[in-house]
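Scroll down for the structure; my scribbles are underneath it.
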There are 2 protein chains.
Amino acid sequence: MNNILITSAGRRVSLVRFFQKELKSVFAEAKVFTTDANPDYASACRISDGYFKMQRVTEPNYIDDLLQLAIENGVKIIVPTIDTELLILSKNIEVFKSKGIEVVISDYEIMKIFRDKRLTHQFFEKYGINCAKEYSKENYQLPIYIKPYDGSRSVDNFIITTQEQLTDYHFQNDKLLFLEYLDHKKHTEFTIDLYYDKNSDLKCFVPRQRIEVRDGEVNKAVTKDAFFIPEIWKKMQHIDGFRGCITFQVFVNLETQQIFGIEINPRFGGGYPLSYLAKANFPRWIIQEYMMENQGVEVFNDWEKNLMMLRYDDEILIHNFNH
Amino acid sequence: MNNILITSAGRRVSLVRFFQKELKSVFAEAKVFTTDANPDYASACRISDGYFKMQRVTEPNYIDDLLQLAIENGVKIIVPTIDTELLILSKNIEVFKSKGIEVVISDYEIMKIFRDKRLTHQFFEKYGINCAKEYSKENYQLPIYIKPYDGSRSVDNFIITTQEQLTDYHFQNDKLLFLEYLDHKKHTEFTIDLYYDKNSDLKCFVPRQRIEVRDGEVNKAVTKDAFFIPEIWKKMQHIDGFRGCITFQVFVNLETQQIFGIEINPRFGGGYPLSYLAKANFPRWIIQEYMMENQGVEVFNDWEKNLMMLRYDDEILIHNFNH
């Protein structure tokens with residue numbers, strides 16, 4: 001059976017629907033399943049072809065259970081969606097492969113880089129991509145942006161503009177980095193959806209300019225034929241270990257047009273629906289590469305430019321719900 | 001022409017779609033228009049049958065311009081959606097009515113009550129609905145909840161559990177009220193959608209139990225045949241000046257089942273889509289009452305119980321967008 005499993009599906013209704021559409025156009029009977037820690041309350045589970053409750057990724061049996069689940073349900077491809085799963089799943093790619101199951105994910109070694117902001121900065125430097133300067137705590141220039149090297153969301157993030165705002169906490173906490181501050185007012189932000197094939201060659205590059213963010217997720221964005229595409233494409237055209245969807249966030253200085261790499265998430269990002277709707281069909285390419293023999297992916301630049309996405313709350317209904 | 005105008009439509013895509021469906025089922029050619037301060041970026045405007053940019057409600061010409069717009073576009077009914085519009089629109093109900101345009105909104109005198117938490121508490125007392133005690137600043141019992149009498153969102157809201165957390169700011173700022181603290185862990189929260197007809201008689205009462213809130217908007221909720229319906233219905237069955245959709249938020253103590261009125265918003269709330277989808281068809285009743293002669297509204301209790309709504313981000317696409 002040619003089924004697909006999307007893990008920790010949560011609210012990713014659009015992503016599940018895209019996979020359903022693309023999969024069923026090739027294998028009419030195939031199914032897109034989902035997992036979640038709370039599937040009854042996960043809208044994406046409710047629209048998938050079947051869902052399973054999974055314990056947290058931190059539990060000791062996670063991999064064994066996921067493997068068992070995939071085997072029992074004829075799953076050929078696993079697509080993870082959240083950061084906490086990436087390391088452990090990439091570490092176990094071969095375990096799944098030995099059972100004929102492909103986890104569409106980058107290599108463990110490269111995954112580790114993007115969990116640590118200092119390593120991420122070294123990565124950017126290696127590929128000739130500018131990023132915010134890291135200052136030493138003895139020698140810095142205000143304003144600075146402070147964040148932990150291994151943080152997520154905006155926990156322990158500080159914008160420091162005057163010396164008085166700095167406390168012992170900032171100096172003594174070794175997790176906190178002192179970084180050059182890139183003022184949001186002086187920069188525009190792009191999230192780029194990159195597709196890397198099985199050989200880690202870049203096949204597609206869609207910059208989505210952010211217009212508005214709501215609760216940490218992009219709410220309004222527009223695809224742009226940005227001036228920096230050829231330069232960054234060239235620098236990133238082959239990166240060992242990259243596979244599938246990679247989400248790359250950059251700031252562009254409005255005056256100097258200088259580009260700063262901010263972070264990389266080696267998974268589908270929350271804003272990917274815009275790229276799909278612009279015809280950058282990553283789900284179809286994944287199906288081609290990982291389910292269909294001898295079907296490679298060509299370079300694709302023909303996505304729709306200047307396509308704006310406005311998001312709104314839509315509803316999934318569950319009848320006779322008792323909780 | 002029997003057109004409807006929804007003002008400050010923003011992201012209320014579902015509400016606009018419900019009005020479109022109900023209106024066109026009666027008047028096939030009629031249109032649902034929208035306004036917004038930024039209509040190009042408002043998803044609800046993009047799906048309406050036409051949209052108009054309006055200056056902020058605080059501008060001096062707002063009412064004149066809105067009236068002109070409504071006349072020129074054959075608008076029979078205006079449905080406001082945000083708090084800042086309610087007072088000025090209710091003050092001008094007769095101005096619109098003189099031109100044959102109905103603003104579906106409660107009376108100015110009752111609107112004022114819900115902009116002031118002290119008046120709101122008096123309102124609850126008058127109707128025999130329990131609410132959080134207000135303490136004097138000389139004589140209070142911890143824990144307390146502090147909020148401004150005229151606040152919105154959660155600006156200047158404080159949970160105070162120990163004497164040390166209280167500062168001069170809390171004591172000297174006359175806008176700040178000291179209220180009995182209703183612990184979220186000990187209460188469950190319902191938002192009730194009420195429909196009042198032209199005679200200010202209550203016709204429908206749908207309690208939506210909140211399961212999860214995201215960024216201030218309900219994200220998961222379920223309709224419930226709550227035990228308190230008969231009692232509160234009786235107390236609120238006629239309230240002078242109430243018309244159309246009224247949104248009433250209550251807390252219910254999990255142990256004692258005591259009910260506390262929290263606030264009332266005399267407009268469609270962000271969570272109304274669940275009530276509509278449960279068949280509490282307020283848009284149709286508005287059309288019946290304000291566009292069709294001699295068609296009253298009957299009491300309606302036959303809405304679907306235990307209907308759960310899970311929300312997710314859906315997309316509206318705009319092609320060739322240049323900004």
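Any read-out appearing in this document is the output of simple, stated calculations on the displayed coordinates, not a laboratory observation. All figures in this text were calculated on a predicted structure; none of them were measured in a lab. When we count neighbours, we look across all protein chains shown, and the Cβ atoms used for this are built from the backbone with ideal geometry, even at glycine.
Residues whose amide H lies under 5 Å from that of A:His187, counting only those 5 or more places away or on a different chain, are A:Leu254; hydrogens are built 1.01 Å from N in the peptide plane. Here segment A:185-310 is treated with +1 on each Lys and Arg Cβ and -1 on each Asp and Glu Cβ, and its dipole about the Cα centre works out to around 280 debye. Could you state the number of Å between the C-alpha centres of segment A:3-58 and segment A:70-102? Taking the Cα centre of each part, segment A:70-102 and segment A:3-58 sit 14 Å apart. Across chain A, C-alpha contacts under 8 Å between residues 6 or more apart give a mean separation that, scaled by the residue count, equals a relative contact order of 16 percent.
Once you sort the root eigenvalues of the Cα gyration tensor of segment A:133-180 as a ≥ b ≥ c, which label holds: rounded (a/c under 1.5), prolate (a/b larger than b/c) or oblate (the other case)? Spell out each step's value before the answer.
Working: a/c = 1.42, a/b = 1.40, b/c = 1.02.
Judged from the Cα gyration tensor, segment A:133-180 comes out rounded (a/c under 1.5).
At a Förster distance of 35 Å, what's the computed FRET efficiency of B:Asp156 paired with A:Glu263, Cβ-Cβ distance as r, to 0.05? The calculated FRET efficiency here is 0.55.
Neighbouring Cβ atoms from other chains, within 10 Å of the Cβ of residues in A:267-274, number 1 on average. For chain B, a Gaussian network of Cα nodes joined below 10 Å ranks B:Lys21, B:Lys234, B:Lys117 by mean-square fluctuation, and the top entry is B:Lys234. Beta bridges from DSSP with both residues in chain A: antiparallel share about 75 percent, rounded to the nearest 5. Residue by residue along A:44-52, Cβ atoms of other protein chains within 10 Å of the local Cβ number 1 on average. Here the relative contact order of segment B:3-105, from alpha carbon pairs under 8 Å that lie six or more residues apart, stands at 28 percent. Charge dipole of chain B (Cα centre as origin; +1 on each Lys and Arg Cβ, -1 on each Asp and Glu Cβ, all else neutral): 440 debye, rounded to the nearest 20. Once the Kirkwood radius over Cα pairs is known for segment A:8-137, the Stokes-Einstein relation at 37 °C and 0.692 mPa s delivers a diffusion coefficient of 199 µm²/s. How would segment A:185-310 be classified by its alpha-carbon gyration tensor: rounded, prolate or oblate, with rounded meaning a/c under 1.5 and the a/b versus b/c comparison settling the rest? Prolate shape, in that a/c is at least 1.5 and a/b is the bigger ratio.
Using Cβ contacts closer than 10 Å as the measure, can you line up B:Glu125, B:Glu138 from fewest to most?
On the way: B:Glu125 12, B:Glu138 7.
Going from sparsest to densest Cβ surroundings: B:Glu138, B:Glu125.
Would you mind counting up the charge near B:Lys198? Only other residues with Cβ under 10 Å from its Cβ, with Lys and Arg at +1 and Asp and Glu at -1. So the surrounding residues net to -3.
Shielding of peptide A:14-20 by partners, expressed as the average count of other chain Cβ atoms within 10 Å per residue Cβ, is 1.
What does the helix-only formula give at 222 nm for the protein assembly as shown: each DSSP H stretch with n ≥ 4 adding -39500 (n - 2.57), the total divided by the residues, and the result rounded to the nearest 500 deg cm²/dmol?
Dividing the helical sum by the residues of the protein assembly as shown leaves -7500 deg cm²/dmol.
Ranking B:His238, B:Ile287, B:Asn301 by Cα position along the charge dipole of chain B, where only Lys, Arg, Asp and Glu carry charges on their C-beta atoms, puts B:Asn301 farthest toward the positive end. Please compute the Cα-Cα pair-distance distribution of chain A with 20 Å bins starting at 0, giving whole percents from short to long. Per 20 Å bin, starting at 0, the Cα pair percentages come out as 30, 57, 13, 0.
Run the numbers on segment B:141-276 and let me know its relative contact order in percent, using alpha-carbon pairs under 8 Å that are six or more apart.
On the way: 239 pairs, mean separation 28.9, N = 136.
Relative contact order for segment B:141-276 comes out at 21 percent.
So which of A:Lys112/A:Lys186; B:Lys112/B:Lys220; B:Lys133/B:Lys305; B:Lys133/B:Lys235 end up more than 22 Å apart by C-alpha? Don't skip to the answer; put the middle values down first.
Numbers: A:Lys112/A:Lys186 31 Å; B:Lys112/B:Lys220 30 Å; B:Lys133/B:Lys305 32 Å; B:Lys133/B:Lys235 20 Å.
Correct reply: A:Lys112/A:Lys186; B:Lys112/B:Lys220; B:Lys133/B:Lys305.
Look at the dipole of chain B built from charges on Cβ: of B:Ala221, B:Asn38, B:Leu166, the Cα furthest out on the positive end belongs to B:Ala221.
Placing unit charges on the Cβ atoms of the charged side chains and taking the dipole of the protein assembly as shown about its Cα centre, the candidate lying farthest along the positive direction among A:His184, A:Pro148, B:Ile110 is B:Ile110.
Only Cα pairs within less than 10 Å get springs; with that Gaussian network setup on chain A, which residue of A:Asn139, A:Asn306, A:Asn281 has the largest fluctuation? Of A:Asn139, A:Asn306, A:Asn281, the Gaussian network model singles out A:Asn139 as fluctuating most.
Taking all pairs of distinct Cα atoms, average 1/r, flip it, and tell me the Kirkwood hydrodynamic radius of segment B:278-323 in Å to one decimal place. Show your work: numbers first, answer last.
Working: mean 1/r = 0.0686 Å⁻¹.
That comes to 14.6 Å for segment B:278-323.
Scalar couplings 3J(HN,Hα) for segment A:189-201, obtained by applying the Karplus form with A = 6.51, B = -1.76, C = 1.60 to θ = phi - 60°, are 10, 10, 10, 10, 8, 10, 10, 10, 7, 4, 8, 6, 9 Hz; x denotes Gly and Pro. Counting only Cβ charges, +1 for Lys and Arg and -1 for Asp and Glu, the dipole size of segment A:231-303 around its Cα centre is about 120 debye. Compared with the dominant Cα axis of chain A, that is its longest principal axis, helix A:62-72 is turned about 30°. Highest GNM mean-square fluctuation among A:Leu23, A:Leu142, A:Leu277, for chain A modelled with Cα contacts below 10 Å: A:Leu142.
Cα-Cα over 31 Å: which of A:Lys117/A:Lys203; A:Lys53/A:Lys126; A:Lys91/A:Lys224?
Details: A:Lys117/A:Lys203 26 Å; A:Lys53/A:Lys126 41 Å; A:Lys91/A:Lys224 35 Å.
Listed pairs above 31 Å: A:Lys53/A:Lys126; A:Lys91/A:Lys224.
Computed from Cα positions, the angle between helix B:117-126 and the longest principal axis of chain B comes to roughly 90 degrees.
Couplings for segment A:277-289, taken from phi via the Karplus curve 6.51 cos²θ - 1.76 cosθ + 1.60 with θ = phi - 60°, read 5, 8, 5, 8, 8, 4, x, 5, 5, 4, 4, 4, 6 Hz in order; Gly and Pro are left as x. Would you mind classifying the protein assembly as shown by shape? Square roots of the alpha carbon gyration tensor eigenvalues, ordered a ≥ b ≥ c; an a/c under 1.5 is rounded, otherwise it is prolate if a/b is larger than b/c and oblate if not. Taking the square roots of the gyration eigenvalues as a ≥ b ≥ c, the protein assembly as shown is prolate. Here's how it looks for B:Tyr181: its modeled amide H is under 5 Å from those of B:Tyr145, which are all 5 or more places away or on a different chain.
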